[in-house]
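Notes to accompany the following structure.
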Amino acid sequence: MSNPLVDMEKPDVIFAIGTNMTECHPVAATRLKKAIANDAKLIVVDPRRIRLAEIADLYLPIRVGSDVALLLAMAHVIQREGLLNKTFIEERTTDAEAFLEHINEFTPEWAAEITEVPAKDIEQAAIWYGEADRGAIFYTLGITEHICGVDNVQSLCNLALMTGHIGREGTGVNPMRGQNNIQGAGDCGAVPANFPGFQPCADPASSEKFSNLYQTPIDQGKGITKVTALNECGKSIHAMIIDGENTVVTDPDRNHCEHALRSLDHLVVIDIFRTETAEFADVVFPATAWGETDGVCTNTERRVQRLRAAVPAVGEAKPDWWIVSQIAQRLGVPGFEYNSAKDVFNELCSVSPIYNGLDWDRIDRSEYQWPVPEKDHPGTPMLHEKEFKNGRGIFKSLGYRDPAEVVDDHFPIWLTTGRRLQAYHSRTQTGRSAGIEYLLPGESLEIHPEDAERLKLTHGDNCRLSSRRGSLEIPVNITDRSPRGTVFASFSFAEIPINILTGSGYDPVTETAELKVCAVKVEAIN
């Protein structure tokens, strides 16, 4: 997030797009509710009428996968209505002239045809955000899990640059992280294009730095993504370690995923439970859970937090860092001689510019948000306050493109996926918690009453849901929460593996799967 969580209480206009925050980030969402109680306007963009839409001042029920069209039209209106922050654009951005020329053609009427959102509502959203003193953007995986996920994010950044809604209290472009320590994982280099601290792999100085650290030549250039790794299983990749991820349940195109794992000569899984993915493993290492582990977590607002073991580990369970370091040492890989989580974290601080000012003892009270470049630095709750670290903010001239799959006569209904409040992610943990089944006994397919009547579906009965990759049976939940022509289900229940159906395409830059949209057909089971 560019701004701290406390800033969620401070906007006068909130633009929430592709985020079911009250279910997926319910604690953080309480801050937005405080802002609304203080008369902030809330604009919600989502295909489903989620709880956030119920409390919105303006709800835009967008057709799945059409976000770029909506955002281009909003940019068009902001310029047309004279709502540009010309001083900010002149002093802190580049490529504005080409961008402002580019958006002339993308009218609200054009976008309405694609998004199925009335042109007047697109205009209203743009004017409210453009006129705001403090306009804040919040998004989650509903924006990124598309073949145009990068375009979606860059389109949001364009709106912030046009209006100067960044680098100030109550503003910003704020992605809410989907799991605990996703931010910390990225900070540590768990992304293919960066070393720890977002130092580019393509930079010769960075490559040399980490080659020296690990006493191993490291090639310059981007590494492979998980998508490529699964595609190469049994080809160029013969062994794999999966740590703390239930790949079989959460990755797209489950049949392809299972085939890939079976193609390996050796699979190691590190986890706190025997997950569906662990069933494919040759070796399973039991890991300690969060309450049994000393370590560090960096949360969605870049706050670096100490974790302290509250109870002793059960059985043979060990911390993940210990397991990984022991594997490395037995493979003869230098640089993994750690004795504690403190050793690991202090090494990160020594090699990452955004952590250079921190160490194990300084984060004792979890009070710092990176970047913290030197020892006496107070931390950086708000990014981009006076300047952009990489120079000027760059406007991106983008076009709209359809999802990888569009509806047709054979697959005439859109499927979108997401999460539910009662089930965290793949239910590896919440599925083992007594009482949860009372709140959410199983998965169901949300379908609009008119679609259900047309397809002769009965509430509570099973239907057959099929895509180009597979099919499954799932109970019907007739509700107007999902719009006509679109159905919804979560991927939380392994016994109803929705990820069999998904995986129609990938973003060409990040290779993020298009989990939020694919074409399906729904059939009654006689």
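The values are calculated or read from the model by the stated rules, or taken from the named source; none is laboratory data. These figures come from a predicted structure and were not determined experimentally. Every residue, glycine among them, receives a Cβ derived from its backbone with ideal geometry; neighbour counts consider all protein chains shown.
For this structure, a couple of remarks:
- Boolean, Thr428 is among the β-branched types (Val, Ile, Thr) and touching a Pro at 6+ places or on another chain (Cβ under 7 Å): no
- When Asp265, Asp251 are checked against the criterion of being among the acidic types (Asp, Glu) and over 19 Å from Pro508 (Cα atoms), Asp265 stands alone in meeting it.
- Helices (runs of 4 or more DSSP H) fully within region 84-143 counting 2 or more residues that are closer than 23 Å to Ile36 by Cβ: 119-131
- Exactly one residue among Ala111, Ala126, Ala160 is within 27 Å of Leu52 (Cβ to Cβ), crowded, with 21+ Cβ neighbours inside 10 Å and either in contact (Cβ under 8 Å) with a residue 60 or more places away in the chain or in contact with a strand residue (DSSP E or B) (Cβ under 9 Å, 6 or more places away or on another chain) (or both), and that residue is Ala160.
- Selected residue (criterion: modelled with the highest pLDDT) from residues of region 226-252 that are among the charged types (D, E, K, R) and within 22 Å of Ala317 (Cβ to Cβ): Asp243
- Among the candidates Ser211, Ser207, Ser155, residue that is surrounded by fewer than 18 Cβ atoms within 10 Å (Cβ to Cβ) and either outside any loop (DSSP other than H, G, I, E, B) or touching a His at 6+ places or on another chain (Cβ under 6 Å) (or both): Ser211
- Hits in region 438-458 - residues which are assigned to a loop (DSSP other than H, G, I, E, B) and more than 32 Å from the chain's Cα centre (by Cα): Leu455, Lys456, Leu457, Thr458
- Residues of region 290-316 classified as part of a loop (DSSP other than H, G, I, E, B), surrounded by fewer than 18 Cβ atoms within 10 Å (Cβ to Cβ) and not basic (Lys, Arg), total: 9
- Residues in region 330-341 that are under 22 Å from Gln183 (Cα atoms) and surrounded by 16 or more Cβ atoms within 10 Å (Cβ to Cβ): Ala341 only.
- In region 470-508, residue surrounded by the fewest Cβ atoms within 10 Å (Cβ to Cβ) [restricted to those that are part of a loop (DSSP other than H, G, I, E, B) and more than 22 Å from the chain's Cα centre (by Cα)]: Glu495
- Complete set of residues in region 509-526 that are in contact with a helix residue (DSSP H, G or I) (Cβ under 6 Å, 6 or more places away or on another chain) and either assigned to a strand (DSSP E or B) or among the acidic types (Asp, Glu) (or both): Glu511
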